[in-house]
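Structure below; questions to follow.
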Amino acid sequence: MRDNSQSIKVSKWLSKHLESLDAESEIIDLNLQRLPLYDGDDSSPASEILAKLESAEGFVFVSPEWNGTMSHGLLNMLMFVDDELAHKPVMLAGVSSGRGGHYPLMQMRNMVYKNSRFVVSPENLLVQGAIDTMNNYEFKEAYEHPVEKRADYALKILIEYAKALATVRSGGMVDSANFPSGV
Ligand SMILES: Cc1cc2nc3c(=O)[nH]c(=O)nc-3n(C[C@H](O)[C@H](O)[C@H](O)COP(=O)(O)O)c2cc1C
């Protein structure tokens, strides 16, 4: 939610890495694509973003830890969602300049999944010491940095979940009409 954040650097780095794994990716930068606070009624301000979410087969949520909390911009965006993410996998990435990042990981796992029905991959990513990691380290193909090794693995697992969950969505059992609220 601010210019030159470390989180957008993490997003760009992961997006590049996804391309090296032959997966197309697109970043939705909620700092640039600002949404109004969701009012429970009008989803039209998010229509462009929702169309992108609908066309995607999997997601990476990248969130900084601010005040011990996940990105309020991401939470607000997820309030606009209907079933664009339903039965699609999400890889979580928590970002902290210090030793934090766990809170957004736990919160993203618990928040909003009920109605949107996304499926969280157990293989998440924690980028701590983000200023140093994102600015002073040159990532190499040999995956020498532990964060790079971890990102590579978590993204590969995300891709496997995307393939597997596509069969769930096409299998004819999903019934969002009768069970729209996840209860
Ligand atoms: C308003 C604000 C609150 C923050 N609160 C926390 C925090 O609770 N825990 C933490 O580990 N880092 C905190 N940070 C530092 C972030 O970890 C750091 O800015 C990091 O780069 C991720 O945020 P960014 O994507 O905005 O750069 C905070 C930063 C800001 C601007």
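Which pairs turn up if I take residues in the stretch 1-22 that are basic (Lys, Arg) and look for partners that are near the ligand (Cβ under 7 Å from one of its atoms) and assigned to a helix (DSSP H, G or I) with beta carbon separation below 8 Å, at least 6 apart in sequence or on another chain?
From the stretch 1-22, the pairs are Lys9/Ala130.
Sticking with this one: Go through the stretch 115-136 and give me each residue that's in contact (Cβ under 8 Å) with a residue 12 or more places away in the chain and acidic (Asp, Glu).
The answer is Glu123, and nothing else.
Of the residues Leu92, Leu37, which is surrounded by fewer than 17 Cβ atoms within 10 Å (Cβ to Cβ) and either more than 14 Å from the chain's Cα centre (by Cα) or without any contact (Cβ under 8 Å) to a residue 40 or more places away in the chain (or both)?
Values: Leu92 fails: surrounded by fewer than 17 Cβ atoms within 10 Å (Cβ to Cβ).
Going through Leu92, Leu37 in turn, the sole match is Leu37.
Continuing with this model, one more query. Name the one entry in Ser15, Ser121 that is in contact with a Phe, Trp or Tyr (Cβ under 7 Å, 6 or more places away or on another chain), more than 12 Å from the ligand (Cβ to nearest atom), among the polar types (S, T, N, Q) and within 19 Å of Leu158 (Cβ to Cβ).
Details: Ser15 fails: in contact with a Phe, Trp or Tyr (Cβ under 7 Å, 6 or more places away or on another chain).
None of the other options fit; the residue is Ser121.
Would you point out the residue of the stretch 57-82, among those that are more than 25 Å from Asp3 (Cβ to Cβ) and crowded, with 17+ Cβ neighbours inside 10 Å, that is nearest to the chain's Cα centre (by Cα)? If you could, list the steps in order and put the result at the bottom.
Filtering the stretch 57-82 down to residues more than 25 Å from Asp3 (Cβ to Cβ) leaves 57-58, 81-82.
After this cut, where a residue has to be crowded, with 17+ Cβ neighbours inside 10 Å as well, the list is 58, 81.
Numbers: Gly58: 9, Val81: 14 Å.
Of everything passing the filter in the stretch 57-82, Gly58 is nearest to the chain's Cα centre (by Cα).
Within the stretch 122-131, can one find any residue that is farther than 20 Å from Pro64 by Cα and within 16 Å of the chain's Cα centre (by Cα)? Outline the logic, then answer.
Here is the first cut: in the stretch 122-131, the ones farther than 20 Å from Pro64 by Cα are none.
No; the residues of the stretch 122-131 include none that is farther than 20 Å from Pro64 by Cα and within 16 Å of the chain's Cα centre (by Cα).
Among the listed residues Leu74, Leu30, which satisfies the condition of being within 16 Å of the ligand (Cβ to nearest atom), hydrophobic (A, V, I, L, M, F, W, C), touching a residue at least 40 places away in the same chain (Cβ under 8 Å) and in contact with a Gly (Cβ under 6 Å, 6 or more places away or on another chain)? Break it down stepwise before answering.
On the way: Leu74 fails: in contact with a Gly (Cβ under 6 Å, 6 or more places away or on another chain).
Testing whether each residue is within 16 Å of the ligand (Cβ to nearest atom), hydrophobic (A, V, I, L, M, F, W, C), touching a residue at least 40 places away in the same chain (Cβ under 8 Å) and in contact with a Gly (Cβ under 6 Å, 6 or more places away or on another chain) leaves just Leu30.
Here is a follow-up. How many residues are assigned to a loop (DSSP other than H, G, I, E, B) and either within 21 Å of Glu54 (Cα to Cα) or more than 8 Å from the ligand (Cβ to nearest atom) (or both) if we restrict to the stretch 1-12? Give the derivation first.
Start the filter on the stretch 1-12 by keeping residues that are assigned to a loop (DSSP other than H, G, I, E, B), which leaves 1-5.
Pick out the ones that are also either within 21 Å of Glu54 (Cα to Cα) or more than 8 Å from the ligand (Cβ to nearest atom) (or both) and you get 3.
Residues in the stretch 1-12 being assigned to a loop (DSSP other than H, G, I, E, B) and either within 21 Å of Glu54 (Cα to Cα) or more than 8 Å from the ligand (Cβ to nearest atom) (or both): 1 in total.
Additional query: Based on what the data block shows, is Ser63 within 16 Å of the ligand (Cβ to nearest atom), part of a strand (DSSP E or B), modelled with pLDDT of 95 or more and not hydrophobic (A, V, I, L, M, F, W, C)? Steps first, answer last, please.
On the way: within 16 Å of the ligand (Cβ to nearest atom): yes; part of a strand (DSSP E or B): yes; modelled with pLDDT of 95 or more: yes; not hydrophobic (A, V, I, L, M, F, W, C): yes.
Here the answer is yes, as Ser63 does meet what is asked.
Consider Lys149 carefully, then state whether it is farther than 27 Å from Gly98 by Cβ and under 22 Å from the mean Cα position of the chain (by Cα).
No; evaluated as a whole, the condition is false for this residue.
The values are calculated or read from the model by the stated rules, or taken from the named source; none is laboratory data. Note that this is a predicted model, so its numbers are computed, not measured. Cβ sites come from the backbone with ideal geometry, for glycine too, and all protein chains shown count toward neighbours.
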